[in-house]
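First comes the structure, then the notes that go with it.
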Amino acid sequence: MSLTLSSTRGISSNGTNWAFVPNKNGSISFPNRPMFYAYNPAGVFSSTVGFIFEFNQTRVNVGNHYNTSTYKFTAPQNGVYEFFGGALFRYRGSASNGEVAFYVNNTNVGVRGQAYCVNNTSGGHTHNHVTMLLNLVTGDSVDFRIWSRNAGCDYYYGQNLGYFSGIQRG
């Protein structure tokens with residue numbers, strides 16, 4: 001394989017898909033770096049353990065590696081990826097706790113949720129969010145789910161109060 005190197009356009013293996021681009025101010029951008037931000041604009045919620053948050057819209061989806069129908073990101077190449085997820089945990093009748101988690105290939109990456117919250121105030125709301133670095137191989141899929149919750153609560157993830165996003169870091 002040959003590489004094309006340009007002081008104004010960066011480096012490419014085929015002359016069109018530039019891996020990085022030097023900018024006039026001296027910074028470098030990565031126009032093809034996989035990244036996404038997904039959300040759901042509707043007023044939606046769930047109280048089902050194991051539920052994959054249904055983020056069906058994207059603001060950013062470089063490479064189209066996030067699927068708005070399966071709600072999963074699929075790694076296009078080996079590397080380290082950083083993920084972010086959040087949803088509003090709501091009191092719905094009794095004091096409760098809940099946990100959310102990232103799953104890789106349908107398996108929780110931890111022994112329980114990666115973010116935990118308690119809500120014991122009538123009408124209370126707590127934003128439950130998590131950030132994690134994951135080492136993925138090509139084809140691994142990642143999603144964001146409810147790992148646990150007690151009766152008397154739910155997760156509200158619509159109207160931009162919930163999100164799932166990620167970016168390849170290395």
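Filtered by the rule that a residue be open to solvent by 30 Å² or more (accessible area, probe 1.4 Å) and small (G, A, S), the stretch 99-113 gives a lone residue, G110.
Report yes if some residue within the stretch 125-142 is among the small types (G, A, S), farther than 19 Å from F55 by Cα and modelled with pLDDT of 85 or more; otherwise report no. The answer is yes; a qualifying residue exists.
The strands (runs of 3 or more DSSP E) falling completely within the stretch 58-170 that include 2 or more residues that are within 15 Å of Y37 (Cβ to Cβ) and in contact (Cβ under 8 Å) with a residue 12 or more places away in the chain map to 72-74, 79-91, 125-136, 141-149, 163-168. Here the condition is being among the aromatic types (F, W, Y), open to solvent by 70 Å² or more (accessible area, probe 1.4 Å) and out of contact with any Phe, Trp or Tyr (no Cβ under 8 Å at 6 or more places or on another chain); of Y116, Y91, it holds for Y116 alone. In this entry, N25 is excluded by the filter for residues that are modelled with pLDDT of 95 or more, open to solvent by 30 Å² or more (accessible area, probe 1.4 Å) and not β-branched (V, I, T).
One residue stands out in the stretch 143-170 among those that are of a type in the set (S, T, N, Q) and modelled with pLDDT under 95: the one that is farthest from N61 (Cα to Cα), namely N150. Selection of the stretch 62-77 for residues being surrounded by 14 or more Cβ atoms within 10 Å (Cβ to Cβ) and either in contact with a Ser or Thr (Cβ under 8 Å, 6 or more places away or on another chain) or hydroxyl-bearing (S, T, Y) (or both) yields H65, Y66, N67, T68, Y71, K72, F73, T74, A75, P76.
Within the stretch 119-132, restricting attention to residues that are over 28 Å from T74 (Cβ atoms) and out of contact with any Cys (no Cβ under 8 Å at 6 or more places or on another chain), which residue is surrounded by the fewest Cβ atoms within 10 Å (Cβ to Cβ)?
Taking the stretch 119-132 as the starting set, the residues that turn out to be over 28 Å from T74 (Cβ atoms) are 119-126.
In the following step, the residues that additionally are out of contact with any Cys (no Cβ under 8 Å at 6 or more places or on another chain) were identified as 120-125.
On the way: N120: 12, T121: 10, S122: 10, G123: 8, G124: 15, H125: 12.
Among them, the one singled out is G123.
Residues of the stretch 135-152 that are open to solvent by 10 Å² or more (accessible area, probe 1.4 Å) and not charged (D, E, K, R): N135, V137, T138, G139, S141, W147, S148, N150, A151, G152.
The values are calculated or read from the model by the stated rules, or taken from the named source; none is laboratory data. Quick caveat: nothing in here was measured; it's all calculated off a predicted structure. FYI the Cβ positions are ideal-geometry reconstructions off the backbone, even for glycines, and counts take in every protein chain you see. Side chains included, ligands, DNA and RNA excluded: accessible areas come from the protein's heavy atoms. Shrake-Rupley method; radii C 1.70, N 1.55, O 1.52, S 1.80 Å.
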